[in-house]
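The values are calculated or read from the model by the stated rules, or taken from the named source; none is laboratory data. Remember, it's a predicted structure, so these values are computed and weren't measured experimentally. We place every Cβ from the backbone using ideal geometry, glycine too, and count neighbours over all the protein chains shown. Accessible surface areas use protein heavy atoms only, side chains included; no ligands, DNA or RNA. Shrake-Rupley method; radii C 1.70, N 1.55, O 1.52, S 1.80 Å.
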Amino acid sequence: MRPLTAEETKTFFEKLAKYISPENIKLLLDRPDASYCFRLHKDRVFYASEKIMLTANNFARKELVSFGTCFGKFTKTGKFRLYMTALDYLAPYAQFKVWVKPNGEQSFLYGNHVLKSHLGRITDSTSKYQGVIVMSMSDVPLGFGVSAKSTQECRRADPSSIVTFHQADVGEYLRTEETLL
Amino acid sequence: MLNISPRLEPPDLQLVHQRIKDTIAVLGNFKRLRDPERKRKDYLDLLRHDLANYYNYNDYLMQKFTDLFDIKELIEFLEANEVERPVTIRTNTLKSRRRDLAQALINRGVNLDPIGEWSKVGLIVFDSPVPIGATPEYLAGHYMLQGASSMLPVMALAAQPNEKVLDMCSAPGGKTTYIAALMKNTGMIVANDVNKERCKALTANIHRLGVVNTIVCSENGRQFPKIVGGFDRVLLDAPCSGTGVISKDASVKSNKVEKDILRCSHIQKELLLSAIDSVDARSSTGGYIVYCTCSIMVEEDEWVVDYALKRRSVKLVSTGLEFGREGFTKFKERRFHPTLKLTRRYYPHEHNMDGFFVAKFKKLSNLIPAKEGVYCRKAKAIIFTFTLY
Ligand SMILES: C[S@@+](CC[C@H](N)C(=O)[O-])C[C@H]1O[C@@H](n2cnc3c(N)ncnc32)[C@H](O)[C@@H]1O
């Protein structure tokens with residue numbers, strides 16, 4: 001495990017900034033309760049308290065599987081892929097959200113895009129290609145994606161058109177548990 | 001009169017069943033119904049043979065269960081192994097409340113009830129029109145599918161917020177995530193499992209349930225405390241023969257023979273000593289070890305606990321669990337420390353949960369007695385030598 005390089009930090013924070021504001025990213029690191037950090041381990045970025053990170057350091061690289069929360073993984077080409085495992089940190093801070101109706105929950109949780117006919121609500125002033133958190137109508141975070149239409153455009157869209165491109169969803173805990181971590 | 005020979009093979013199940021009933025009847029009124037030529041032992045042997053035949057157990061296991069239970073209870077136990085235990089779930093209090101979760105599931109048409117007086121977080125699911133392991137609430141981590149008996153050792157461990165806890169054999173994390181909930185996601189849990197494949201499910205469960213205070217590692221449990229020690233509490237949910245969960249895995253009935261049980265027992269003893277050595281006796285809030293198995297074999301339960309009592313500076317304490325049968329202080333030719341009555345046994349036929357064993361230790365000192373009562377010839381006295389580890 002090691003701290004992220006400046007380059008990695010930049011790529012990673014840029015990805016996070018699609019969902020939460022830079023001020024909120026800062027809040028993840030400047031916490032009043034304890035000091036927290038991001039660390040790279042086997043291409044994955046983990047977020048943990050310093051205390052947990054230091055103890056995790058006692059384990060050999062091969063034997064250490066995970067610590068704190070895994071936010072995602074750097075691909076071979078140096079891009080950062082955000083995992084649904086980061087959802088609990090993104091959802092509370094997210095600026096833009098879409099809410100899917102009960103009839104659309106299953107579809108999204110199987111990895112499909114959100115259709116207009118499934119759209120319950122969307123944050124006002126969401127622009128096109130904005131990172132959004134996908135919620136159930138009862139405010140349970142289900143995953144995240146990218147808006148395919150702005151809030152304005154959504155109003156006029158026909159029922160079968162895509163309003164949010166799927167990126168990650170908690171259904172992956174069943175579908176890809178094996179490859180996830 | 002009951003014809004006790006010839007042995008019925010291959011089994012004609014109806015005949016075998018009838019003969020089981022007849023033999024039980026004879027044993028129940030031996031003087032009057034017996035064949036004067038036959039001894040009680042002949043009938044018992046026949047019964048055991050027929051039961052093994054009828055329920056598909058090997059002779060060794062059937063003998064072991066006969067040692068544990070009288071005939072009436074043995075039959076109840078064997079019958080309970082033929083039916084599934086109720087589906088139970090545990091509310092993840094890091095993300096939901098039992099009342100809210102129950103309501104959300106009821107809205108999906110699930111028929112459920114609180115699991116019982118003893119738990120504030122458990123729910124029993126009677127039937128469900130949706131797969132209970134795939135609802136949005138499940139995927140969002142509001143609950144864990146978890147057998148009732150698997151909640152008990154975590155309640156016994158009673159980890160406190162801000163403690164440092166080791167879950168030595170933790171995959172797939174049913175207990176780890178419950179420990180984290182009781183600690184309110186504070187402090188630190190080291191969740192270990194030697195099996196890397198199983199660590200994936202463990203890691204997924206930890207993330208799904210929103211547990212953030214945990215390190216997942218894949219070491220042999222015996223490597224503790226060499227790698228990390230000084231824990232406030234350790235849970236050892238040991239690998240075992242699975243004789244308590246036959247309704248889930250019927251292969252146990254025919255697979256497990258004496259050498260399997262003894263091999264488990266050996267590993268369990270080693271792991272338990274490691275678990276004890278990983279705890280700091282001077283912990284201001286803890287200093288506890290909980291040992292549990294889903295086997296009801298004395299060799300894997302009381303025997304292992306008794307072994308540790310003799311080799312480490314620990315004592316048994318109450319598990320704090322409201323129900324369960326007392327552990328054995330003697331079993332056949334074996335004698336165990338009298339405090340083994342503080343341990344608890346759970347049976348499928350009695351508690352309608354998987355067979356289980358729970359023991360809770362308090363560690364008294366970080367010193368390890370070098371040998372159990374080393375006898376010093378010259379002094380003609382028993383001296384205890386202590387070494388620092
Ligand atoms: C009874 S299961 C644990 C179940 C888990 N505590 C739960 O509640 O979800 C026993 C586990 O011990 C692991 N195991 C077996 N031998 C081990 C060893 N020497 N060190 C660590 N883990 C071991 C197995 O891989 C298995 O996952």
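Figures for the structure shown
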item	result
Percent antiparallel among DSSP beta bridges (both partners in segment B:149-377, rounded to 5)	50 percent
Amide H contacts under 5 Å for residue A:121, placed H, 5+ residues apart	A:99
Simple Cβ-charge dipole of segment A:96-177, Lys/Arg +1 and Asp/Glu -1, about Cα centre, in debye nearest 20	340 debye
Degrees separating the helix A:6-16 axis from the principal Cα axis of chain A, which is the longest one	30 degrees
Antiparallel bridge percentage (DSSP; both residues within segment A:96-177; nearest 5)	80 percent
For the protein assembly as shown: rounded, prolate or oblate by the Cα gyration tensor [a/c cutoff 1.5]	oblate
Cα gyration tensor, chain B - rounded (a/c under 1.5), prolate or oblate	oblate
Chain B: relative contact order in percent, alpha carbon pairs under 8 Å with at least 6 residues between	13 percent
For residue A:142, residues with placed amide H under 5 Å, excluding near neighbours	A:134, A:135, A:136
Segment B:239-311 versus segment B:132-148: alpha-carbon centroid distance in Å	28 Å
Within chain A, longest stretch free of exposed trypsin sites (Lys or Arg not before Pro) [DSSP loop, at most 11 other beta carbons within 10 Å]	A:80-181
Whole-number percent relative contact order across chain A, with pairs defined as alpha carbons under 8 Å at least 6 apart	17 percent
Most to least accessible of A:74, B:77 (protein chains only, probe 1.4 Å)	A:74, B:77
Loop sites in segment B:195-244: trypsin sites (Lys or Arg not before Pro), DSSP, at most 14 other Cβ within 10 Å	B:226
Built amide H within the under 5 Å cut-off of residue B:143, gap 5+	B:92
B:121, B:257, ranked by accessible area, largest first (probe 1.4 Å)	B:257, B:121
Pairwise centroid distance, computed over Cα atoms, of segment B:68-103 with segment A:130-181, Å	36 Å
Accessible area in the full protein assembly, largest first, 1.4 Å probe, for A:160, B:251	A:160, B:251
Counting DSSP beta bridges with both ends in the protein assembly as shown, the antiparallel % (nearest 5)	75 percent
Using θ = phi - 60° and Karplus 6.51 cos²θ - 1.76 cosθ + 1.60, couplings along segment B:201-214 (whole Hz; Gly, Pro as x)	5, 4, 5, 5, 5, 4, 6, 4, 7, x, 7, 10, 9, 10
Peptide A:61-73, shielding by other chains (average Cβ, 10 Å cutoff)	6
Anisotropy class of segment B:205-281 from Cα gyration tensor, a/c 1.5 cut	oblate
For segment A:90-102, Karplus couplings with θ = phi - 60° (6.51, -1.76, 1.60), whole Hz, Gly/Pro x	7, 4, x, 9, 4, 8, 10, 9, 10, 10, 9, 5, x
For segment B:286-298, Karplus couplings with θ = phi - 60° (6.51, -1.76, 1.60), whole Hz, Gly/Pro x	x, x, 10, 10, 10, 10, 8, 9, 9, 10, 10, 6, 4
For residue A:40, solvent-accessible area (1.4 Å; no DNA, RNA or ligand), Å²	20 Å²
Carbon and sulfur %, accessible surface of the protein assembly as shown computed with the full protein complex present, 1.4 Å	52 percent
Mean projection area, nm², convex hull over Cα of segment B:149-377	13.3 nm²
